[in-house]
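Please read the structure below before turning to the comments.
The values are calculated or read from the model by the stated rules, or taken from the named source; none is laboratory data. None of these values were measured; they are calculated from a predicted model. For neighbour counting, all protein chains shown are included, and Cβ atoms are generated from backbone atoms with ideal geometry for every residue, glycine included. Surface areas here come from the heavy atoms of the whole protein model, side chains and all, with no ligands, DNA or RNA. Shrake-Rupley method; radii C 1.70, N 1.55, O 1.52, S 1.80 Å.
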Amino acid sequence: MSEMFVNPILTDPEMREIVESFLVESKEIIDSLDLDLIELEKNPKDENLLNKVFRSFHTIKGSAGFFNLTKLTALTHRCEDILNKLRKREANISSEIMDAILVGFDKMKELLQSIENNHSEDVEIDEVITKLQNTINKMIGTGVETIKKKNEDKPKRGRRKKIDISANENKSAEKIEIREEIPEEKSTQVTEQKSETYSNTSDTKKVDNTIRVDVEKLDELLNMVSELVLGRNRLAQINMDVSREYEGTQLARELEETTKLIDMMTNELQQLVMKTRMVKIGKVFNKYPRLVRDLSKSANKKINLITEGEETELDKTLIEEINDPLVHIIRNSIDHGIEKEEDRIKAGKTPVGTIILKAEHEGNNILITIEDDGKGIDPEVIKSKAISKGLISKEKADELSRQDILNLIFLPGFSTAEVVTNISGRGVGMDVVKTNVTKLRGMINLESTVGAGTKIQIKLPLTLAIISGMVVKVDSEQFVIPLNSVVEVIRVHLENIYTINNKPVIKLRDRIIPLVSLREVVLNQNNKSSENIWQYVVIVGIAERVVGIEADELLGQKEIVIKSLGSYIGRVPGIAGSTIMGDGTVILILDINELINKTQHDNHK
């Protein structure tokens with residue numbers, strides 16, 4: 001095996017900043033191209049879009065040539081040649097031509113990844129270059145005929161050019177006609193260079209107003225703001241104590257005014273720092289038109305993807321983690337949600353299926369909806385499959401509500417697919433979706449109507465660092481329940497708490513919800529106060545699972561900063577971390593996911 005060649009320009013310390021700028025700029029262009037190429041296939045007559053795509057390849061080619069990246073230069077040059085011929089209308093955009101461009105585009109991404117990781121072009125491109133060149137050769141065949149036809153239609157213009165180019169030369173007409181393209185091409189390139197110069201000047205003015213900051217520095221800044229929030233909470237508590245003891249005095253009034261000022265500035269600073277970490281979800285959504293195009297062709301289906309809310313922002317950490325769950329869901333929709341064209345026509349639907357991908361803010365959460373107009377999920381099929389696979393007993397299945405039956409698709413290994421395909425199976429991978437959403441402290445809800453389609457909603461917190469929490473009291477201990485996990489709070493009479501398999505449950509709107517006792521799970525106490533005949537129950541949910549947490553008192557809502565328990569204490573079952581209250585008290589934050597898992601495990605014993 002030949003030794004990998006490392007490009008010395010890429011490893012030169014003096015060139016480091018320029019190389020990093022090249023990689024960042026190339027990634028931005030690649031992200032934009034991913035969406036533009038699919039859009040171009042849908043709107044082949046959009047000349048502005050075609051020119052934009054051409055300029056993108058041209059920009060990367062120019063930068064690659066500067067760094068002596070021969071493979072990337074050769075690859076982009078071939079793609080540029082194809083696009084240039086499309087611009088001259090020597091050929092029309094077809095599925096075959098677009099397939100070739102996309103293959104070249106994918107190989108460009110591989111090369112850039114290798115350049116970033118290994119400082120080399122350690123990627124084989126010969127096969128792709130051959131494919132691109134074959135496409136160009138086919139276009140040249142039609143291109144010559146197109147040029148001849150143009151010249152026949154415009155004899156005067158052709159005669160003038162003929163005199164200019166070959167006044168004293170005895171050349172064949174065909175050669176003269178081919179040479180006629182040279183001045184036009186140069187003229188086009190000069191025009192492009194001028195427009196790019198103006199464009200770059202305009203871009204430079206915009207870039208001057210922005211700087212790139214390392215994510216680690218933003219994390220440090222967020223950590224400092226978190227500490228400031230704790231200090232703000234402490235100051236507010238002291239203000240309350242002083243107000244009670246020295247009510248009406250000048251000291252109390254001044255402290256109250258100062259506390260309000262600090263509170264306002266801390267809130268503004270916190271929001272500002274949060275915004276610096278926010279990324280538009282369009283960065284993720286823009287990847288999916290290409291995914292839907294490729295998978296729909298593979299499945300021989302016609303599918304239209306509609307995206308909404310691309311401007312919706314959420315934390316950078318969440319952006320990186322949410323991609324895999326969305327890919328799984330879209331794959332399932334394409335493979336086993338949307339029907340084939342003939343089946344849709346028989347069902348009275350449009351031949352082209354639709355997948356809607358939407359993001360929107362809902363309070364302190366972001367709501368992502370993936371909806372298709374396919375055949376939907378039949379609860380009876382889900383139930384019979386779960387029983388046949390031994391995932392649930394028939395008796396237990398008969399007790400489940402329709403929604404609980406649908407939620408069985410989140411079980412590991414569950415699938416209703418009769419035939420395993422390369423794309424997916426409805427249910428295959430849905431346990432991965434649930435795992436990832438759970439890790440992000442999110443919730444997932446599935447709705448489906450047979451024959452009409454399926455809708456999956458994922459609710460995520462905007463950030464994972466500073467969260468809103470509900471403070472509850474059990475005996476003399478206080479706990480924080482993350483507010484994004486809270487579905488609702490109810491007050492239940494002791495007579496309405498039932499027992500199934502020696503486990504407490506309540507019935508809420510025809511749904512059986514198991515209860516979690518923090519006395520038993522966290523405090524390891526079995527005694528229960530019999531004085532109160534009413535019990536507060538905080539209904540919480542993670543992914544598709546819901547349980548109720550018993551509480552003696554509700555102490556209100558607080559903004560809290562999650563702190564690790566540290567290596568000395570280590571991991572405590574059911575506890576996600578701790579936070580410091582305004583009076584200096586350290587209270588525990590509940591790990592809702594672990595509490596739900598423990599409850600389900602105990603119920604299956």
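Overview of results
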read-out: Candidates Glu28, Glu90, Glu41, filtered to the one that is over 28 Å from the mean Cα position of the chain (by Cα) and of a type in the set (Asp, Glu); value: Glu90
read-out: Number of the condition not met by Asp34 [criteria: (1) under 21 Å from Val123 (Cβ atoms); (2) open to solvent by 40 Å² or more (accessible area, probe 1.4 Å)]; value: (2)
read-out: Pair list, Cβ under 9 Å, 6 or more apart: the range 18-36 residue free of Cβ contacts under 8 Å to residues at least 60 places away in the same chain and part of a helix (DSSP H, G or I), other residue surrounded by fewer than 18 Cβ atoms within 10 Å (Cβ to Cβ) and of a type in the set (Asp, Glu); value: Val19/Asp12
read-out: Residue match in the range 502-525 (condition: more than 33 Å from the chain's Cα centre (by Cα), open to solvent by 60 Å² or more (accessible area, probe 1.4 Å), over 25 Å from Ile560 (Cα atoms) and of a type in the set (A, V, I, L, M)); value: yes
read-out: The range 37-49, subset free of Cβ contacts under 8 Å to residues at least 40 places away in the same chain and in a helix (DSSP H, G or I), residue least open to solvent (accessible area, probe 1.4 Å); value: Leu49
read-out: Gly566 being open to solvent by less than 40 Å² (accessible area, probe 1.4 Å), modelled with pLDDT under 80 and touching a Lys or Arg at 6+ places or on another chain (Cβ under 8 Å); value: no
read-out: Any chance Ile97 is assigned to a helix (DSSP H, G or I) and either under 21 Å from Ser296 (Cβ atoms) or in contact with a Cys (Cβ under 8 Å, 6 or more places away or on another chain) (or both); value: yes
read-out: Per-region count, the range 105-120, residues open to solvent by less than 50 Å² (accessible area, probe 1.4 Å), more than 22 Å from the chain's Cα centre (by Cα) and either closer than 17 Å to Lys131 by Cα or of a type outside the set (Ser, Thr, Tyr) (or both); value: 4
read-out: Subset of the range 581-596 [farther than 19 Å from Arg519 by Cβ and either at pLDDT below 80 or open to solvent by 70 Å² or more (accessible area, probe 1.4 Å) (or both)]; value: Met581, Gly582, Asp583, Gly584, Val586, Asn593
read-out: Qualifying residues in the range 454-473 (those that are within 16 Å of the chain's Cα centre (by Cα) and open to solvent by 30 Å² or more (accessible area, probe 1.4 Å)) - the one modelled with the lowest pLDDT; value: Leu464
read-out: Residue check for Arg55: open to solvent by 20 Å² or more (accessible area, probe 1.4 Å) and either more than 30 Å from the chain's Cα centre (by Cα) or over 23 Å from Glu310 (Cβ atoms) (or both); value: no
read-out: Residue among Thr70, Thr76, Thr130 that is buried (at least 22 other Cβ atoms within 10 Å of the Cβ) and hydroxyl-bearing (Ser, Thr, Tyr); value: Thr76
read-out: Residues of the range 133-152 that turn out to be open to solvent by less than 30 Å² (accessible area, probe 1.4 Å), modelled with pLDDT of 50 or more and either of a type outside the set (Ser, Thr, Tyr) or assigned to a loop (DSSP other than H, G, I, E, B) (or both), as a count; value: 2
read-out: Selection status of Glu124, part of a helix (DSSP H, G or I), under 30 Å from Arg16 (Cβ atoms) and open to solvent by 40 Å² or more (accessible area, probe 1.4 Å); value: no
read-out: Of the criteria (1) touching a Ser or Thr at 6+ places or on another chain (Cβ under 9 Å); (2) under 19 Å from Leu588 (Cα atoms); (3) not aliphatic (A, V, I, L, M), which one Pro514 fails; value: (2)
read-out: Residue in the range 247-270 that is in contact with a Gly (Cβ under 9 Å, 6 or more places away or on another chain) and among the acidic types (Asp, Glu) present; value: no
